[in-house]
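The values are calculated or read from the model by the stated rules, or taken from the named source; none is laboratory data. In this text, all values refer to a predicted model and were calculated from it rather than measured experimentally. Neighbour counts run over all protein chains shown; Cβ positions are idealised from the backbone, glycine included. With ligands, DNA and RNA removed, areas are computed over all heavy atoms of the protein, side chains included. Shrake-Rupley method; radii C 1.70, N 1.55, O 1.52, S 1.80 Å.
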Amino acid sequence: MGDPRRRVPATDDVLGAAPVAAAASRLGRDLVKRAVHDAQRRARAGEIEPEQVLAATLEALPESASGIRPVLNATGVVLHTNLGRAPLSQAAIDAVREAAGTTNVELDLTTGARGKRGESALAALLEAVPGAEAAHVVNNGAAALALAATALARDREIVLARGELVEIGDGFRIPELLTSTGARLREVGATNRVHRADYLDAVGPETGFVLKVHPSNFVISGFTSSVPVAELSGLDVPLVVDIGSGLLRPHPALPGEPDAATTLAAGADLVIASGDKLLGGPQAGIVLGRAELVRRLARHPLARALRVGKLTLAALEATLRGPDTPVENALRRDRASLLGRAEKIAAALNEAGVDAHVQHSSATVGGGGAPGVELASAAVRLPRLFAERLRAGHPPVLARLERGHCLLDLAALDPEHDEVLVRAVREAAL
Ligand SMILES: *Cc1c(COP(=O)(O)O)cnc(C)c1O
């Protein structure tokens with residue numbers, strides 16, 4: 001046999017093998033070559049046999065050239081920011097695929113002249129919210145706020161209640177975002193209470209606009225009061241309302257959650273929202289409202305730095321015009337059907353020797369929407385050690401830890417993924 005290191009196959013030989021060559025055309029030659037080199041190194045170090053280099057190379061190759069991989073969301077948090085918030089509908093996924101090539105995103109096909117960027121997505125927004133005179137889309141909700149502050153209140157004041165100075169996540173705070181644009185904050189009221197008179201006292205020649213921010217990730221209860229949108233309109237300064245979650249119309253399951261149509265009807269001049277929360281679409285910042293104000297935002301130089309790409313526009317339009325989104329489907333699930341799914345999953349796991357039980361669970365909307373709302377859900381309960389193993393699996397499954405158990409909450413999971421889930425748990429049990 002001689003020195004096994006001499007039997008390690010040459011790089012070109014491994015790269016020439018049909019499955020490796022196919023992977024190289026899919027993933028790029030550099031990435032595949034690195035996997036080959038790594039397998040060769042392991043063979044030389046005696047960690048694997050030289051004959052295993054090909055198999056080890058293939059095993060180490062990722063499924064796509066991107067490090068972002070699909071995972072199963074069994075956390076019971078429908079809009080999980082760390083898991084990319086809203087999963088797109090199939091219609092939106094198809095639209096993104098179509099838009100990924102060369103497109104007419106900024107070309108009028110009837111005249112051949114330059115067209116308005118994303119016109120059909122904006123039209124879809126205005127059809128969904130007829131009370132809005134105009135619409136504009138930027139990169140995310142924070143970008144929309146920054147653009148409004150810059151275009152309408154730079155070197156001037158934004159009047160905002162103290163109870164609405166929200167930290168949105170990862171240490172980012174709306175008040176700091178606003179002042180970073182050169183606007184000044186004029187805080188009114190106390191943490192728990194603010195009155196219309198507080199706003200009236202603060203509004204003056206320095207005011208750029210009055211801002212209301214929906215406390216989308218916390219609730220304060222007790223001795224509280226805030227001023228409804230209707231009581232703040234007609235103050236001679238624009239009223240901008242950050243509703244957060246992007247509901248366009250009232251939602252029967254989320255009575256406390258503000259929506260764009262109702263907020264505009266109540267007198268808001270501009271409404272700002274995210275695209276990837278309850279709207280169930282791509283990451284985007286949506287601005288709806290009075291044409292003159294929307295135009296000031298859209299024509300501001302900063303707008304060019306915040307604009308969205310064709311993939312976002314395509315996904316947003318398909319979300320608005322297409323069938324119900326996965327987020328909407330998750331909100332509609334009732335406990336009885338979730339329990340039925342959980343029982344099937346637990347039975348399949350018990351059959352495979354896994355200690356799995358069904359239990360009631362309480363899911364949440366998450367992602368800065370409908371705080372305090374509990375969604376009646378069902379879960380499959382596993383021993384705690386499964387949580388880590390499932391996260392390391394293919395595909396990774398994200399579970400919830402509760403009272404020392406690993407819970408697979410089904411609220412945010414599409415039923416078509418139940419079989420994949422069963423397979424993942426079986427593999428994790430080995
Ligand atoms: C989520 C949220 C934001 C930030 O929106 P992004 O799209 O995450 O940038 C701003 N305001 C409120 C009230 C929110 O809930």
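Those helices (runs of 4 or more DSSP H) of segment 298-407 in which 3 or more residues are more than 25 Å from Lys277 (Cα to Cα) and not basic (Lys, Arg) occupy 335-351, 386-391. Being open to solvent by less than 10 Å² (accessible area, probe 1.4 Å) and touching a residue at least 60 places away in the same chain (Cβ under 8 Å) narrows it down to one of Ala346, Ala356, Ala378, so name that one. Being open to solvent by less than 10 Å² (accessible area, probe 1.4 Å) and touching a residue at least 60 places away in the same chain (Cβ under 8 Å) holds for just one of Ala346, Ala356, Ala378, which is Ala356. Residue count for segment 350-377 under the criterion of being away from the ligand (no atom under 16 Å from the Cβ) and over 19 Å from Gly404 (Cβ atoms): the result is 9.
Can you name the residue in segment 204-239 that is under 30 Å from Asn329 (Cα atoms) and outside any loop (DSSP other than H, G, I, E, B) and is also nearest to the ligand (Cβ to nearest atom) among such residues? Here the residue is Val213.
For segment 107-158, taking the residues that are part of a loop (DSSP other than H, G, I, E, B) and under 21 Å from the mean Cα position of the chain (by Cα), the one that is farthest from the ligand (Cβ to nearest atom) is identified as Gly118.
The residues of segment 130-150 that are aliphatic (A, V, I, L, M) and within 13 Å of Leu316 (Cβ to Cβ), listed by number, are Ala135, Val137, Val138.
Please go through segment 159-190 and give me each residue that is assigned to a loop (DSSP other than H, G, I, E, B) and surrounded by fewer than 16 Cβ atoms within 10 Å (Cβ to Cβ), ordered by number. Correct list: Asp170, Gly171, Ser180, Gly182, Ala190.
Scan segment 204-241 for residues that are closer than 15 Å to Leu152 by Cβ, at pLDDT below 95 and open to solvent by 70 Å² or more (accessible area, probe 1.4 Å) and the total you get is 1. Entry remark, segment 242-289: residues being of a type in the set (Asp, Glu) and crowded, with 24+ Cβ neighbours inside 10 Å number 2 in total. Listed by position, the helices (runs of 4 or more DSSP H) enclosed by segment 1-73 that each have at least 1 residues that are small (Gly, Ala, Ser) and surrounded by 13 or more Cβ atoms within 10 Å (Cβ to Cβ) are 18-27, 29-44, 53-60. Annotation: Tyr199 fulfils all but one of (1) more than 16 Å from the ligand (Cβ to nearest atom); (2) touching a residue at least 40 places away in the same chain (Cβ under 8 Å); (3) farther than 22 Å from Ala266 by Cβ; the unmet one is (3).
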